[in-house]
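Report on one structure; see the data block that follows.
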């Protein structure tokens, strides 16, 4: 049980380790200028960190594989960011125009007259 006196020492140690981890995470996030991975910018920042850290390693097959993986991840992040920007632009246009006729309404009317 969680409140069992026999587990008090283990619970105290778990709280201590959890606190150390949270402080360490906050320190590292500040040092690496990390915000979050729920944005394309946050993911790009992690890729940048991996790339710079990997470049400082000795040249070899593992380093080269990591660099290729970082390049692939960067390409995917760029593609995702571009698609996100395009979607936001399209959504802004649709919002400005409001609700108009259905996009195929004119074509349907043309078919009816022929």
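The numbers here are math on the coordinates, done by the rules we state, and not lab data. Given the structure is predicted, the values throughout are model-derived calculations rather than measurements.
At-a-glance table
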quantity	calculated
Length added when fully stretched, residue 96-residue 71, from 0.36 nm per residue minus Cα-Cα	5.2 nm
Difference of contour (0.36 nm per residue) and Cα-Cα distance, residue 80 to residue 7	21.5 nm
